[in-house]
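The values are calculated or read from the model by the stated rules, or taken from the named source; none is laboratory data. Since the model is a prediction, treat every value here as computed from it, not as a measurement. Cβ placement follows ideal geometry from the backbone for every residue including glycine, while neighbour counts extend to all protein chains displayed. We work out accessible area using only protein heavy atoms, side chains counted, and drop any ligands, DNA or RNA first. Shrake-Rupley method; radii C 1.70, N 1.55, O 1.52, S 1.80 Å.
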Amino acid sequence: MLKSILFYYTAELNAYKNIALEYTFFKACPSDALIVYLWSNDNTVVIGKNQNVFNEVNLNTLYAQGGRVARRLTGGGAVYHDKQNLNFTFIVNDADYDVKKQLSVIAHSLQKWGLNAEVSGRNDMTIDGKKFSGNAFLHEEKFSMHHGTILIDTDVARMASV
C-alpha cells in the first residue's frame, strides 16, 4: 500500500544525466512510495534498448545540428526530445503499478488545460486524433517503471529531419 508520492523535477537538459537519474530513482524507490519524475532533454534522439541507431536516426543531420543520441533501458521507438518536450516517469512497486491509472493522470492533467487527451493504440496518447505521447515500460525485481513523452511545442521540422 502506498504511503507517499515522491515528486521530482529537474531543469537539467542532458539526456545522459536524466536517464541515469531516472534509473537511480528506479533502483532506490521505497516499496511504499510512488515516484513521479518530470524532466526534459535538449536536441536528443532517445532510442529503445533493442533499436539499431543506424536504422532509426539520421546521425549526420543530428550531429550537424549539435544533437545527441541516448539509449534508454526500455523498449519502444526512437523519440526526439527538445526543450519543448516534457518527459514523465512513474516508478512504483508491482502491487501498486497501474498503467491505465498513470495514463489517466496525464490525460486528466491535460484536460484541465482544455485539451481532449485520450489513450489510444498500444502505448500512445492523442489529442484530436494526433499522437503527442508515446510510452515505454521497465519491470525488474518487484518494481515497475512507466515513462513517456509529451510533445508541447517541439520543433517538428527538426524532429522529422533527424
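Scanning segment 126-151 for residues that are at pLDDT below 90 and of a type in the set (A, V, I, L, M, F, W, C) turns up 132, 151. Condition first: touching a Lys or Arg at 6+ places or on another chain (Cβ under 8 Å) and open to solvent by 20 Å² or more (accessible area, probe 1.4 Å). Can you find one or more residues in segment 124-135 that meet it? Yes: segment 124-135 contains one or more residues that are touching a Lys or Arg at 6+ places or on another chain (Cβ under 8 Å) and open to solvent by 20 Å² or more (accessible area, probe 1.4 Å).
Considering only residues in segment 74-108 that are among the small types (Gly, Ala, Ser) and open to solvent by less than 60 Å² (accessible area, probe 1.4 Å), the one that is farthest from residue 133 (Cα to Cα) turns out to be 75.
Would you check if residue 158 is basic (Lys, Arg) and loosely packed, with under 14 Cβ neighbours inside 10 Å? So residue 158 fails the test. Checking each residue in segment 41-84 for being closer than 28 Å to residue 143 by Cα and of a type in the set (Gly, Ala, Ser) picks out 48, 70, 75, 76, 77, 78. Each residue in segment 18-72 was checked for being open to solvent by 70 Å² or more (accessible area, probe 1.4 Å), in contact (Cβ under 8 Å) with a residue 12 or more places away in the chain and within 17 Å of residue 155 (Cβ to Cβ), and 1 pass.
Within the set of pairs 6+ apart or on separate chains, which have a first residue in segment 105-124 that is closer than 19 Å to residue 79 by Cα and of a type in the set (Ser, Thr, Tyr), a second that is in a strand (DSSP E or B) and open to solvent by less than 70 Å² (accessible area, probe 1.4 Å), and C-beta atoms under 9 Å apart? Listed pairs, sorted by first residue: 120/126.
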